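This report concerns only the one structure given below.
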Ligand code: NAP
């Protein structure tokens, strides 16, 4: 059934969630949330003060001991119920994400399915937290290990996947028994507020999940990060902000998970199925309007297939329809704001000035929103800024290589290490290249690897820690060793 946007926006809580109560900011201030497709203001949400942030941490700390004692099965059942409810309310979550972030509705529905799946996965993991028992090598004692919740956790999420970047932190924290303060991105807080309300409806005890929205992000977050009662910080966002937060967390020696930026190479070898590579390229580049940390940033194509690949890929890119993602038939929504669009365009214009050739697109698209044309560039110089920095938009720079060694060297020649994609029909090459790529994830003959059952995360400037998979819950658990004399 079609969801009425005004009624949906009305139904979303706009306050701070602290100790189970929705409340206004203590100074009454608010922060506007706008629609990047139209520029219209959708809602105003509370803008927390540092004191409000501290109250959220107080609530998380107060709830920690009792929450850790809730039986794992009960925590799992709660997550399972939340999974079912999110799926039931797919249309509401999808429309809300399209309105506040811009991705087309079909993609937003995909994110609802993906985001909800983290709750189902971790509902199953909640009851599979194990320790071990062994005999010390000298036989004199017994070694027992147990896993316990890390404790109160601060979660800071980005705007590009407003639901999934939340559920893949909240799911394992609930499963492990940690309490939380969540700070969604200021551009897309509504989805998180709706999710928090849904978790309340599912019976999440008060204080376990606290949500703070604010226009004064640094001022409100830093005292929480420096508070000795906080035990963990999990952050998804840009590398620059991540580095700053790691510094702040040094004082409390916090457990950290850092999911940071990417600069994914997309390698097409001479033995690749070129049509499969083009399909993969469309996903790896255009998922989420190119605003994904996993987005293919550099297309490196063997010179013998480069012409065929570029031509077929350009044809697919030029057939995409750009517009307001709430409308039918739209493939590419707006970028998140004016600054994002200017950033993408400056990378394109600099590359073109440096000798790159525009095959498709090449500039902003018309509209009241921050639209950008799907763009394909060839002959991109290896040292162009577009090949070095994260593009975060619908722009595909293509360059060619001659040998596998050259492809590998160039793929690894980046500060980032989140994900790489390779297309080849040779299994030995797929394994050899996968082993040599300095990235946390590799997609072989596929343009999307994200999966709640798999460990998502990077190396180098893309951060550390893993979300999802069996590894995901360990980020929220401490190992305690008990040495027992005898028997
Ligand atoms: P961002 O500017 O780093 O913001 C991310 C979050 O950090 C937002 O909630 C933001 O709040 C908050 N923040 C900003 N400054 C802060 C500070 N001084 N102290 C505490 N929090 C602060 O990143 P973004 O532009 O939203 O997201 C895009 C980036 O995220 C890209 O680099 C992308 O690659 C990365 N990303 C990585 C992954 C991954 O899993 N590796 C997944 C998705 C995205 P405000 O909104 O209030 O500023």
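The values are calculated or read from the model by the stated rules, or taken from the named source; none is laboratory data. Keep in mind it's a predicted model, so treat the numbers as computed, not measured. Don't worry about glycine lacking a Cβ; one is built from the backbone with ideal geometry, like all the others, and counts go over all protein chains shown.
Descriptive notes on the structure:
- With respect to the conditions (1) within 16 Å of the ligand (Cβ to nearest atom); (2) in contact with a helix residue (DSSP H, G or I) (Cβ under 8 Å, 6 or more places away or on another chain), residue 193 lacks only one, and its number is (2).
- Every residue from the stretch 280-318 that is surrounded by fewer than 24 Cβ atoms within 10 Å (Cβ to Cβ) and part of a strand (DSSP E or B): 302
One line per residue, one yes/no per condition, for (1) within 8 Å of the ligand (Cβ to nearest atom); (2) under 30 Å from residue 73 (Cα atoms); (3) in contact with a strand residue (DSSP E or B) (Cβ under 9 Å, 6 or more places away or on another chain):
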site: 197; (1), (2), (3): no, yes, yes
site: 202; (1), (2), (3): no, yes, no
site: 208; (1), (2), (3): no, yes, yes
site: 211; (1), (2), (3): no, yes, yes
site: 224; (1), (2), (3): no, no, yes
site: 236; (1), (2), (3): yes, yes, yes
site: 270; (1), (2), (3): no, no, yes
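- Number of residues in the stretch 371-388 that are over 10 Å from residue 354 (Cα atoms) and in contact with a strand residue (DSSP E or B) (Cβ under 8 Å, 6 or more places away or on another chain): the value is 11.
- When 37, 25 are checked against the criterion of being in contact with a strand residue (DSSP E or B) (Cβ under 7 Å, 6 or more places away or on another chain), assigned by TED's automatic domain parsing to the domain that holds residue 198, in a loop (DSSP other than H, G, I, E, B) and farther than 19 Å from residue 204 by Cα, a single residue qualifies: 25.
- None of 99, 95 is crowded, with 16+ Cβ neighbours inside 10 Å, in contact (Cβ under 8 Å) with a residue 12 or more places away in the chain, touching a strand residue (DSSP E or B) at 6+ places or on another chain (Cβ under 9 Å) and not in a strand (DSSP E or B) except 99.
- Search result, residues across the stretch 147-181 that are out of contact with any strand residue (DSSP E or B) (no Cβ under 8 Å at 6 or more places or on another chain) and within 14 Å of the ligand (Cβ to nearest atom): 159, 160, 161, 162, 163, 164, 167
- Test: residue 431 is within 30 Å of residue 382 (Cβ to Cβ), outside the structural domain of residue 155 (by TED's automatic domain parsing) and either within 13 Å of the ligand (Cβ to nearest atom) or buried (at least 17 other Cβ atoms within 10 Å of the Cβ) (or both): no
- Hits in the stretch 2-13 (condition: assigned to a loop (DSSP other than H, G, I, E, B) and in contact with a helix residue (DSSP H, G or I) (Cβ under 7 Å, 6 or more places away or on another chain)): 3, 12, 13
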